[in-house]
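Coordinate-derived values only; no laboratory data. Nothing here was measured: the structure is a model prediction, and the numbers come from that model. Every residue, glycine among them, receives a Cβ derived from its backbone with ideal geometry; neighbour counts consider all protein chains shown.
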């Protein structure tokens, strides 16, 4: 992945691809400050997914706030945000969606009709 604004220092080899999703209804600022000789800061809008490259020891700081102020609301180790890893929420199977895949359409329609009748 190309980060043309502020590339990770070339001497580092333990690069990882990470993903963060802003699940709030507020604008957030994502920042990594603990990597020497590198500055990473991006605005993340509500519902937006941020995909970025980092070093495994990086810490993603999430700052949430209004116009003139921001509060550090979370610090997440980047190795917990790895894309495709079992720690990535998007790669884990959701038990509800698995259950729905195994249910046929007539059964779903029947249960919906029963719920509508009770209303």
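So the values come out like this:
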| item | result |
| --- | --- |
| Residue order, fewest to most beta carbons within 10 Å, for 61, 53 | 53, 61 |
| Taking 39, 20 and counting other C-beta atoms within 10 Å, the order from fewest to most | 39, 20 |
| Value of relative contact order over the stretch 15-92, rounded to a whole percent, pairs C-alpha under 8 Å and six or more apart | 32 |
| Size descriptor, Kirkwood hydrodynamic radius, that averages inverse alpha-carbon separations across the stretch 15-92, Å | 12.8 |
